[in-house]
Amino acid sequence: MVGSGIQGLIGINFLMSNTRRNTLTAATMVLPATVVIVVALVLPTLILLRYSFNQFDPTELMISAFTWENYAEFFSVPYYQSVMMTTLTVALLTTISGVIIAYPVALFLARTTSRFKSLFVILVLFPLLVGNVVRAAGWMTLFGAKGFLNVTMMYLGLIDEPIEMMYTDFSVYVGMLNVMLPFIILTLQGVLESIDYSLTEAAENLGASPFTAFWRVIFPLSMPGIATASILVFILTMNSYSTPVLLGGPRFAMMGPTLYNEITENYNWPFGAALAFILTAVTIIATAISSLYFRRRLKSFTV
């Protein structure tokens with residue numbers, strides 16, 4: 001009895017020492033990344049947050065203070081509110097249309113047994129190897145007044161004068177879709193490949209049509225992928241810069257280029273910092289709302 005009790009205590013001490021050792025090992029492995037994140041991200045963000053409460057002076061540029069006037073200016077000037085609405089509209093339209101366009105492609109890549117599947121995936125990945133600026137320049141040569149589309153349509157006699165396609169909402173949407181589609185397709189493909197498609201065969205054997213089997217089986221199971229892709233694309237679009245600037249021009253204002261201009265051209269660091277945190281707050285709130293929406297949709301499918 002005494003010997004078994006001693007062995008039990010030894011075993012407990014051994015397990016506790018192993019637990020401490022594993023905890024120390026995990027902490028040691030995480031520590032370098034934590035230090036890098038704190039130094040490179042958290043501290044600069046806190047400094048920028050402090051700047052947002054300072055005052056701007058045309059001669060001294062920034063005066064140390066603690067005021068809410070930069071945030072009040074955003075909510076009191078209709079121009080900045082319209083810029084935020086434009087940013088939200090572009091992000092929502094890009095996300096919704098991107099998921100609709102990418103879903104069939106991702107479903108095809110997930111289900112195909114073709115020996116060219118790797119080639120198809122490479123074709124999806126290929127745009128990611130080219131920078132956003134280069135891709136935007138490509139769309140500029142296509143949509144320009146003397147671009148390929150206008151020149152071709154004028155040569156065929158379809159139009160008498162060039163159609164204004166550059167520096168419009170349309171060109172920005174197309175450019176944003178071009179940037180975001182690979183992310184959506186790859187995210188959806190990963191989820192769709194993990195689905196057991198024998199479930200659709202079972203549903204069809206029970207009398208369901210192919211569409212009903214897809215809508216009641218495959219689509220609900222792919223909802224986590226749709227949610228992940230939507231949130232990812234929404235966040236990236238909300239904070240985009242190069243595509244709206246190059247394809248939208250100065251007349252098309254989004255939050256990213258606007259706060260960049262406040263800092264680099266107007267040297268108004270306090271107001272630019274306030275815009276940055278307002279953009280961050282709106283992005284987080286919209287992301288949280290969309291997460292709740294997708295969670296409820298998933299529950300409605302499973303009930």
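Numerical summary
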quantity: One residue from M166, M176 being touching a helix residue (DSSP H, G or I) at 6+ places or on another chain (Cβ under 6 Å) and assigned to a helix (DSSP H, G or I); calculated: M176
quantity: Hey, S171 loosely packed, with under 12 Cβ neighbours inside 10 Å and of a type in the set (S, T, N, Q) or not; calculated: no
quantity: Selection within segment 143-163 - surrounded by 13 or more Cβ atoms within 10 Å (Cβ to Cβ) and closer than 22 Å to L246 by Cβ; calculated: F143, G144, G147, L149, N150, V151, P162, I163
quantity: Of all residues in segment 49-83 being under 16 Å from N266 (Cβ atoms) and aliphatic (A, V, I, L, M), the one that is modelled with the lowest pLDDT; calculated: L61
quantity: Conditions (1) surrounded by 19 or more Cβ atoms within 10 Å (Cβ to Cβ); (2) farther than 16 Å from T237 by Cβ; number of the one not met by A136; calculated: (2)
quantity: Selection count where residues are touching a strand residue (DSSP E or B) at 6+ places or on another chain (Cβ under 9 Å) and assigned to a loop (DSSP other than H, G, I, E, B), scope segment 37-81; calculated: 4
quantity: Filter pass, G144 being closer than 30 Å to E265 by Cβ and not aromatic (F, W, Y); calculated: yes
quantity: Which listed residue is hydrophobic (A, V, I, L, M, F, W, C), within 19 Å of the chain's Cα centre (by Cα), farther than 22 Å from L46 by Cα and at pLDDT below 85, from F294, F234; calculated: F294
quantity: The lone exception for T302 - which of (1) at pLDDT 90 or above; (2) farther than 30 Å from F66 by Cβ it fails; calculated: (1)
quantity: Residue check, I63 under 22 Å from G225 (Cα atoms) and free of Cβ contacts under 8 Å to residues at least 12 places away in the same chain; calculated: no
quantity: Subset of segment 215-234 [among the hydrophobic types (A, V, I, L, M, F, W, C), more than 30 Å from M84 (Cβ to Cβ) and surrounded by fewer than 17 Cβ atoms within 10 Å (Cβ to Cβ)]; calculated: W215, F219
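Residues are listed down the side, and each one gets a yes or a no for (1) among the hydrophobic types (A, V, I, L, M, F, W, C); (2) part of a helix (DSSP H, G or I); (3) touching a Cys at 6+ places or on another chain (Cβ under 7 Å); (4) under 30 Å from L125 (Cβ atoms):
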residue	(1), (2), (3), (4)
P182	no, yes, no, yes
T187	no, yes, no, yes
T228	no, yes, no, yes
V233	yes, yes, no, yes
V245	yes, yes, no, yes
Y260	no, yes, no, yes
F271	yes, yes, no, no
T283	no, yes, no, yes
T287	no, yes, no, yes
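The values are calculated or read from the model by the stated rules, or taken from the named source; none is laboratory data. Because the structure is predicted, anything quoted here is derived from the model rather than measured. FYI the Cβ positions are ideal-geometry reconstructions off the backbone, even for glycines, and counts take in every protein chain you see.
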